[in-house]
Amino acid sequence: NEYKSYLRMEIEEETLKGLFPHMRGLEVLVDKTIVFLGDSVMRGMYKDMVKFVKCGELLKEHESKRKGEMTFHDDILVYGGDKLAKKTNGKEFREYRVIKMDNGIIIKYHYICRAYNDHVESIIESFKRDPPDVVVVNSCLWDLHRYKYERHETSSAMEDFKLNVIRLAQKLSEIRVPEYEGEDRQPLLIWTTTPPCACDVPVIEDFTEVSDDPNAYNFTAQIDELNAANIWLGQMLPRYSFNVIDLGTIMAKAIHHREVCVQRVTLHLQIVLVSIF
């Protein structure tokens, strides 16, 4: 496919030119804790970062498709995933992964499928005890389409999503990282907007939840909602000191090529980390 070939060529060219050398990445991440919060896209970014930091390589497609395995490049599945008695694709699925490296780099991943709920609140509470240096977040697709049918009659899924995002942003902006010299600082907060959905791939796996809704299969409407949400996120989140990476634009021409998309996004993220730290 021409898009896939173009993106792969672009990534290799950037790497060869030394835009983000492996050792430079390790230097800025030493003694830093990075936490990824989100769905399968964030899991892919977590795995890509782990593999890049450990051996200077990017994720392969077969690696990105697996979820909940007991270990990935020597990381630890703390809970959820294959440790669950019954692994599910539903809203109750959990997965928490951690890798701690000899140079002090710690990378964590929490699976979340809603911008804010009791599960997310418990994660943020853990940040108060052990604050991360970087938090990378994505939440939108599930918020708008799996929780859409549980909303109160007086609100819409989009309204609920916006309220939850603001609640999450406020909570994260209150976290402080202790500094050895000077005042405590806020973690680096990064939100990645939701990448485009392929129109021929259902974004809701269990249609029994939405069988009475006439728009359940209206993917055009779903794409329009995602685009509207992404625009709102880009305008609102900087008020809470978030850096926003627009995956909707970065991945617009390669929505069917997960491996290449995740690699390209990981390179963007790493470049952001180098420029800030």
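Residue under question is K54, and the condition is that it be more than 19 Å from the chain's Cα centre (by Cα) and either outside any loop (DSSP other than H, G, I, E, B) or modelled with pLDDT of 80 or more (or both); does it hold?
Yes, satisfied.
Which one of the conditions (1) part of a helix (DSSP H, G or I); (2) hydroxyl-bearing (S, T, Y); (3) touching a residue at least 40 places away in the same chain (Cβ under 8 Å); (4) closer than 30 Å to D184 by Cβ does S64 fail to meet, given that it meets all the rest?
Only one criterion is unmet by S64, namely (4).
From Y180, Y217, which residue is over 21 Å from Y147 (Cβ atoms), part of a loop (DSSP other than H, G, I, E, B), at pLDDT below 90 and among the aromatic types (F, W, Y)?
Exactly one residue qualifies, and that residue is Y180.
Please name all residue pairs, on different chains or six or more residues apart, with Cβ atoms under 8 Å, provided the first residue is in segment 112-124 and is among the polar types (S, T, N, Q) and assigned to a loop (DSSP other than H, G, I, E, B) and the second residue is modelled with pLDDT of 95 or more and open to solvent by 10 Å² or more (accessible area, probe 1.4 Å).
Qualifying pairs under 8 Å: N117/N164.
What is the one condition in (1) over 19 Å from G44 (Cα atoms); (2) assigned to a loop (DSSP other than H, G, I, E, B); (3) open to solvent by 30 Å² or more (accessible area, probe 1.4 Å); (4) not small (G, A, S) that T88 does not satisfy?
Tallying (1) over 19 Å from G44 (Cα atoms); (2) assigned to a loop (DSSP other than H, G, I, E, B); (3) open to solvent by 30 Å² or more (accessible area, probe 1.4 Å); (4) not small (G, A, S), T88 fails exactly one: (1).
Within segment 41-61, restricting attention to residues that are more than 23 Å from L188 (Cβ to Cβ) and out of contact with any helix residue (DSSP H, G or I) (no Cβ under 6 Å at 6 or more places or on another chain), which residue is least open to solvent (accessible area, probe 1.4 Å)?
C55
Six or more apart or on different chains, Cβ under 6 Å: which pairs go from a residue in segment 171-193 that's in contact (Cβ under 8 Å) with a residue 40 or more places away in the chain to one that's aromatic (F, W, Y)? Could you list them?
Every condition considered, the pairs that remain are S173/Y240; I175/F127; L189/F242; W191/F242.
Just to check your reading of the model, which residue among E125, E63, E92 is closer than 26 Å to L26 by Cβ and of a type in the set (D, E)?
None of the others qualify; the one that does is E63.
Given the options I112, I124, I99, I106, name the one that is open to solvent by less than 50 Å² (accessible area, probe 1.4 Å) and out of contact with any helix residue (DSSP H, G or I) (no Cβ under 6 Å at 6 or more places or on another chain).
Result of the check over I112, I124, I99, I106: I106.
How many residues does segment 26-44 hold that are among the aliphatic types (A, V, I, L, M), over 13 Å from E95 (Cβ atoms) and not in a strand (DSSP E or B)?
Of the residues in segment 26-44, 5 are among the aliphatic types (A, V, I, L, M), over 13 Å from E95 (Cβ atoms) and not in a strand (DSSP E or B).
Which of the residues spanning segment 227-245 are in contact (Cβ under 8 Å) with a residue 60 or more places away in the chain and small (G, A, S)?
Correct list: A228, A229, S241.
Quick one: in segment 233-251, of everything that is at pLDDT 90 or above and open to solvent by 20 Å² or more (accessible area, probe 1.4 Å), which residue is nearest to the chain's Cα centre (by Cα)?
Checked segment 233-251; the qualifying residue nearest to the chain's Cα centre (by Cα) is V244.
The values are calculated or read from the model by the stated rules, or taken from the named source; none is laboratory data. Being a predicted model, the structure only gives us computed values, none of them experimental. In this analysis, Cβ positions are derived from the backbone assuming ideal geometry, glycine residues included, and neighbour counts consider all displayed protein chains. Remember, those area values only see protein heavy atoms, side chains included, never the ligands or the DNA or RNA. Shrake-Rupley method; radii C 1.70, N 1.55, O 1.52, S 1.80 Å.
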